[in-house]
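The values are calculated or read from the model by the stated rules, or taken from the named source; none is laboratory data. Bear in mind that the values here come from a model prediction, so they are computed numbers and not experimental data. All Cβ positions, even for glycine, are placed from backbone atoms using ideal geometry, and neighbour counts span all protein chains on display.
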Amino acid sequence: MKASSPPPQQARSRQTMERLLAATVSLLEEGGLAGVTIPEVAARAGVATGSVYRRFTDKDALLRAAFLKLLEASNEVNQEGLSPERLSGLTLDSALGAVSHALVAQYNGRIKLLRALDQYLEAQSGTDFSERAIDLIEANLRLLVRALAPFGDSIGAADTERAITFALLSGVTIIEAHKLYNPLLWRRMLPLDDKALAEETTRAMAAYLAQAAQP
């Protein structure tokens with residue numbers, strides 16, 4: 001039996017919700033947390049301000065929904081683009097390179113947005129939102145750990161999952177620090193474009209995994 005379509009009112013309500021979340025993300029990309037106001041979100045989404053308040057009690061509720069939607073979408077992208085099947089047939093170094101380039105690319109055009117997420121998570125530490133967001137970030141990284149798990153024989157560590165997890169967390173930390181905050185010493189001593197950043201991060205992870213196999 002063919003599934004019935006949702007009533008038009010429900011469909012419009014979902015579309016409005018999607019526009020509101022997309023508008024919030026767009027404003028975060030342009031101006032960070034300070035760039036998001038309820039009237040601006042409503043205007044960007046093409047709805048009345050009251051439509052926002054019917055769905056969200058305040059700006060924080062809207063931000064929480066937008067950030068969680070963003071993290072869920074990121075997980076879906078990595079699940080498809082960096083699956084074990086996609087990495088099969090590559091060498092370990094090539095697989096690490098694919099991961100590094102994908103992680104760097106996720107920051108392009110989204111620096112203010114991701115910096116806002118980092119700041120908001122810090123401000124919301126210990127809340128249900130923070131726990132849910134961190135769960136999603138952890139799930140995203142565990143997707144990458146599973147994608148690299150088939151290279152266990154090439155790594156040869158006593159605890160392959162631990163070694164891969166440490167390598168990935170180290171790589172993510174390098175990329176996040178460089179892309180989000182561009183520390184002074186990095187700018188002065190080792191300025192890197194995206195290609196070079198991904199390549200150096202790949203080398204760092206590969207070097208660690210090579211050492212992890214040693215007793």
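Brief remarks on what is shown
- Output for segment 176-188, where each listed residue is in a helix (DSSP H, G or I) and not charged (D, E, K, R): 177, 178, 180, 181, 184, 185, 186
- Of the residues 44, 64, the single one that is farther than 18 Å from residue 130 by Cα, of a type in the set (Lys, Arg) and in contact with a helix residue (DSSP H, G or I) (Cβ under 7 Å, 6 or more places away or on another chain) is 44.
- Residue count, segment 189-205 (criterion: modelled with pLDDT of 90 or more, outside any helix (DSSP H, G or I) and aliphatic (A, V, I, L, M)): 1
- Where helices (runs of 4 or more DSSP H) fall entirely within segment 69-175, none has at least 3 residues that are in the same structural domain as residue 20 (by TED's automatic domain parsing) and crowded, with 18+ Cβ neighbours inside 10 Å.
- Residues that are without any contact (Cβ under 8 Å) to a residue 12 or more places away in the chain and outside any helix (DSSP H, G or I), drawn from segment 12-54: 48
- Options 80, 76, 72: the member that is in contact (Cβ under 8 Å) with a residue 24 or more places away in the chain and not hydrophobic (A, V, I, L, M, F, W, C): 72
- Boolean, residue 132 is within 25 Å of residue 83 (Cα to Cα) and of a type outside the set (A, V, I, L, M): yes
- Breaking point among (1) at pLDDT 95 or above; (2) at positive phi, for residue 132: (2)
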